[in-house]
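Quick note: the coordinates plus some simple rules give every number you see, no bench work behind them. Note that the structure is predicted; figures quoted are calculated from it, not measured. We place every Cβ from the backbone using ideal geometry, glycine too, and count neighbours over all the protein chains shown.
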Amino acid sequence: MKWIQLLVILFCAVSSVFAQDTTLHPSMADTTIGFGKTGRFTLPEVMVRTNFNYEKLLQQIKEDTTFYKAFRNLRVLGYSAYNDIQMKDKSDSTIATLYSKIRQNHVNGCRTMDVLEEKTTGNFYNKKHEYNYLTPELYAALFFTKDTVCGENNIVKGHEISTSAKSGIDKHKEQLKMLFFNPGKKIAGIPFIGNKLDLYDEKAHKLYDYRLDIQEYHQQLCYVFSITPKDDLTPAQRNGVVVDEMITWFNTNTLEVQGRRYILSYKAGVYDFEVNMEVEMTHYKNLLVPAILRYKGNWDVIFKKRERAVFTATLFNFK
């Protein structure tokens with residue numbers, strides 16, 4: 001779509017949601033404005049020219065629940081999925097894999113999962129058919145259904161993810177869900193970095209730049225909100241950075257998350273990690289649902305072997 005068409009659609013979308021002042025600003029370049037006491041926030045010229053109510057939009061972005069809601073919608077739907085998990089060694093050679101096709105059934109308020117096809121290589125499972133690696137175990141906690149689960153709903157309010165009263169692997173699973181579904185928010189219980197994951201407090205404003213823009217994303221006009229570390233950080237400040245990049249595409253009409261990509265990395269005395277994740281959304285009827293999930297991670301925790309993994313989940317045939 002040509003830029004002039006983007007402008008026309010943007011003006012229509014903005015006018016339908018926000019009150020506008022049509023006074024034109026003389027500047028034709030991107031504008032950097034204050035964000036909190038120490039942060040910088042960049043807007044494209046079209047938003048400046050229309051006195052776009054970015055503060056209201058930023059607040060809605062910060063409080064977004066549509067991303068988490070999309071995954072909760074999976075609890076009330078049937079769907080098929082391809083799962084491709086690859087474990088790697090330090091030379092990036094594949095040492096163990098799982099490829100499967102599953103079908104989630106949702107009948108009379110209960111969901112079950114059928115494994116329609118499964119192939120593994122290497123030591124993906126042990127002799128008891130348990131996962132030999134923590135990454136696929138955490139993956140299964142997010143996307144596989146064990147036994148029969150009943151009485152669930154897709155309501156977000158009152159269903160905040162919490163590590164309370166959990167320990168061991170169960171606590172790690174909840175922390176993973178918090179990191180996956182609420183990136184950019186504080187996560188308690190993760191040594192050294194729990195507070196550093198909060199991208200919206202005043203401390204984060206000293207470390208990150210924030211930008212709001214407009215782009216097409218899979219033929220849908222979206223607001224694009226990106227967070228990246230500032231270029232002029234000192235080594236000490238850089239030590240406070242965990243999120244190397246987070247980009248989210250929001251539908252301009254509904255403000256639903258259409259896609260999200262984030263890159264996280266950190267090195268501490270007892271662990272280090274570098275993780276890339278990407279999620280693309282679609283709709284089934286009036287429900288937002290995830291369609292593709294991609295992950296590439298390299299992490300090491302004390303007393304555990306380093307794990308390098310790549311996985312892709314493709315969801316389809318919703319019912």
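Order these peptides, 55-67, 229-241, by their mean beta-carbon neighbour count within 10 angstrom, highest first.
Values: 55-67: 15.2, 229-241: 11.9.
In decreasing order of mean packing, 55-67, 229-241 become 55-67, 229-241.
What is the extension gain from Leu287 to Asn253, computed as 0.36 nm multiplied by their sequence separation minus the C-alpha to C-alpha distance, in nm to one decimal?
Contour length minus the Cα-Cα distance gives 10.7 nm.
Using the beta-carbon distance between Glu63 and Ser167 and R0 = 35 Å, what value does 1/(1 + (r/R0)^6) give for FRET efficiency, to the nearest 0.05? Provide the component values of the computation, followed by the final result.
Values: r = 30 Å, r/R0 = 0.85.
Efficiency, rounded to the nearest 0.05: 0.70.
Would you mind getting me the FRET efficiency between Asp300 and Asn53? Use the beta-carbon distance for r and R0 = 45 Å, nearest 0.05. Mind showing how you got there, number by number?
Numbers: r = 45 Å, r/R0 = 1.00.
Efficiency, rounded to the nearest 0.05: 0.50.
Net charge near Gly151: determine it from the other residues with C-beta under 11 Å of the C-beta of Gly151, scoring Lys and Arg +1 and Asp and Glu -1. The partial results should precede the final answer.
On the way: positive: Arg75, Arg111; negative: Glu152.
Net charge in that neighbourhood comes out at +1.
With a 10 Å radius around each residue's Cβ, average the other Cβ atoms per peptide and rank 74-85, 114-125, highest first. All intermediate terms of the calculation are to be shown ahead of the outcome.
Working: 74-85: 18.0, 114-125: 12.5.
Averaged packing, sorted descending, gives the order 74-85, 114-125.
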